[in-house]
Amino acid sequence: MNPKANLLIIDDEKPIRELLRDVMANDRFVRIETAENGRDALDKLKGFPADIIVSDIMMPEMNGLELMKNLRAANSDAYVLFITGYGNITNAVEAMKLGAYDYITKPFDPSDLRTKIQRIIKREMFFEDNKTDGNICHSFENLIGQNKVMVDIYKTINHIAPSNATVLITGESGTGKELIAEAIHHRSLRKGKPFIKFNCASLTEGLINSELFGHEKGAFTGAIKQKKGIFELADKGTVFLDEIGDVPPSVQISLLRFLEDRTFKRIGGNQILKLDCRVICATNKVIPDLVKNGSFREDLYYRIKVITINAPPLRERRSDIPLLANYFLKKYSDENKRRISRISPSGMDMLIAYSWPGNVRELANVIGHGVLICNKEEITPACLPSEINPGCNGGGFSLTLRSRSIPLAESILVKKVLEENNWNYKKAAKDLDIARNTLYSKTKRYGIKKPQ
Ligand SMILES: Nc1ncnc2c1ncn2[C@@H]1O[C@H](COP(=O)(O)OP(=O)(O)OP(=O)(O)O)[C@@H](O)[C@H]1O
Ligand SMILES: [Mg+2]
């Protein structure tokens, strides 16, 4: 999509068509056409290749759903945004299942619509710059990947998002399970309501129960006041239970009861509370193995795996590596204000060949480090760690790149900029855009010293 994105507005009411045209006309790069209904739109589309379509759903002659079916049959790759009356959300959901991009409910703030459209344009332009092998690249919410397994996951998400079914997401660490859970929430009618993440491996048994279900005042020593649990806080929204395979036995029983009819009691309470929240679980363990060895209840397993999504390891979708690598390259060079425009062909070959035990998280960290340590405008094999580039010492670093964050990123940057400035703190602080005292405290914290 070039900056002259084509927009088609479809609504049977002229004043609305005009209003929308006016709103979007401020964005000088959008070329706009209008149509009165689905049939009129299909006619217009013959001579006007729309990139984005904004359409009402209820219209005479041909409504939005029929239009969507036609677009789908014609393999149109336009982004379709529907505008729907508040009482008509089921239609919008139908449209999303047919492949619509998003919907907005009436009455709506035109600036929300503009923001949605801007987002599509920005995303498309980014991918235009990063096309590989002439294929159109795909992304979905915050998930990136055009490999068939990913595209299938996007379709599944679209398909299951509107339901309330519990979802189990499995896959190795760093494969994007959390992003998948977020995408499901965001594509569901619960979007806009709370999405609360909880790591089941992070606390002791007693504390997990009280975090999830809450407690009454005086329920146990230290319970000085009533506390609502995560499920209650996420009423009408979604709870993401991460590392579900690590849930201790007593919590498994409470969870099973809760999932059966969404009722529960706060710890120490008598009142039975009922609420409406969707549960999405994730694990990097193989639950059937846990069931076999007795550490996971079989009945709970059946309860949570109503829908299962398997996030594939990166080595099983290697064709996505260039796309992801270029995405992280842009992200980290922008964030760190470094002008690194590409990954050299031999560097990319190494990235594609590597086995990525830490999956996308590891790739992000490798590129993040590469951006900080490379001296040229491109990331070369010398900027890659020794696991990936066995022929070299990895630009002097071989880090535990599978770690969750990049705490080392800043220390590498600080050291590098000091070296570049011949250990002149004043100049280095200026380059880093921080106060000299801040630089001193950072060097102290990271143990960075001028070599003797
Ligand atoms: N398909 C993807 N596109 C873009 N970024 C991704 C993708 N998959 C993962 N990531 C990034 O990789 C990192 C790890 O992703 P995420 O936390 O979703 O993985 P996970 O499967 O939940 O891992 P874990 O089992 O360790 O919790 C995040 O920074 C995420 O943004
Ligand atoms: Mg996770």
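The values are calculated or read from the model by the stated rules, or taken from the named source; none is laboratory data. Note that the structure is a prediction, hence the values are computed from the model and not measured. Positions of Cβ are backbone-derived with ideal geometry, glycine not excepted, and every protein chain shown enters the neighbour counts.
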Can you pull out every residue in the stretch 348-379 that is of a type outside the set (Val, Ile, Thr) and closer than 13 Å to ASN336 by Cβ? GLY368, HIS369, GLY370, LEU372, CYS374
GLU232 being assigned to a helix (DSSP H, G or I), of a type in the set (D, E, K, R) and under 18 Å from ASN164 (Cα atoms): yes
Restricting to the stretch 162-196, count the residues that are within 15 Å of ligand 1 (Cβ to nearest atom) and either in contact with a Gly (Cβ under 8 Å, 6 or more places away or on another chain) or closer than 23 Å to ASP102 by Cβ (or both). 16
Among the listed residues GLU182, GLU260, which satisfies the condition of being of a type in the set (Asp, Glu), part of a helix (DSSP H, G or I) and within 16 Å of ligand 2 (Cβ to nearest atom)? GLU182
Do the conditions hold for ASN199, that is, is it touching an Asp or Glu at 6+ places or on another chain (Cβ under 7 Å) and within 16 Å of ligand 2 (Cβ to nearest atom)? yes
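One line per residue, one yes/no per condition, for (1) closer than 25 Å to ASN158 by Cα; (2) under 30 Å from the mean Cα position of the chain (by Cα):
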| site | (1), (2) |
| --- | --- |
| LEU233 | no, yes |
| VAL251 | no, yes |
| LEU259 | yes, yes |
| LYS265 | no, no |
| PRO312 | yes, yes |
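Conditions (1) assigned by TED's automatic domain parsing to the domain that holds PHE258; (2) hydroxyl-bearing (Ser, Thr, Tyr), marked per residue:
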site: ASP299; (1), (2): yes, no
site: ARG303; (1), (2): yes, no
site: VAL306; (1), (2): yes, no
site: ASP320; (1), (2): no, no
site: ASN326; (1), (2): no, no
site: LYS331; (1), (2): no, no
site: GLU335; (1), (2): no, no
site: SER341; (1), (2): no, yes
Mind counting the residues in the stretch 243-257 that are more than 16 Å from ligand 2 (Cβ to nearest atom), surrounded by 18 or more Cβ atoms within 10 Å (Cβ to Cβ) and outside any helix (DSSP H, G or I)? 0
Only one of ALA161, ALA234 is within 24 Å of ARG266 (Cα to Cα) and either more than 15 Å from ligand 2 (Cβ to nearest atom) or surrounded by 15 or more Cβ atoms within 10 Å (Cβ to Cβ) (or both). Can you tell me which? ALA234
Any residue at all in the stretch 183-191 that's surrounded by fewer than 19 Cβ atoms within 10 Å (Cβ to Cβ) and either among the small types (Gly, Ala, Ser) or touching a Leu at 6+ places or on another chain (Cβ under 9 Å) (or both)? no
Would you mind stating whether GLN226 is surrounded by fewer than 16 Cβ atoms within 10 Å (Cβ to Cβ) and either of a type in the set (S, T, N, Q) or within 16 Å of ligand 1 (Cβ to nearest atom) (or both)? yes
Taking first residues from the stretch 183-209 that are among the charged types (D, E, K, R) and second residues anywhere that are part of a strand (DSSP E or B), the pairs with Cβ under 7 Å that are 6 or more apart or on different chains are ARG190/THR238; ARG190/ARG278; LYS197/PHE240; LYS197/ASP242
Does ASN359 satisfy the condition of being within 16 Å of ligand 2 (Cβ to nearest atom) and at positive phi? yes
The stretch 388-414: number of residues that are farther than 13 Å from ASN336 by Cα, surrounded by fewer than 19 Cβ atoms within 10 Å (Cβ to Cβ) and either touching a Cys at 6+ places or on another chain (Cβ under 7 Å) or modelled with pLDDT of 50 or more (or both): 3
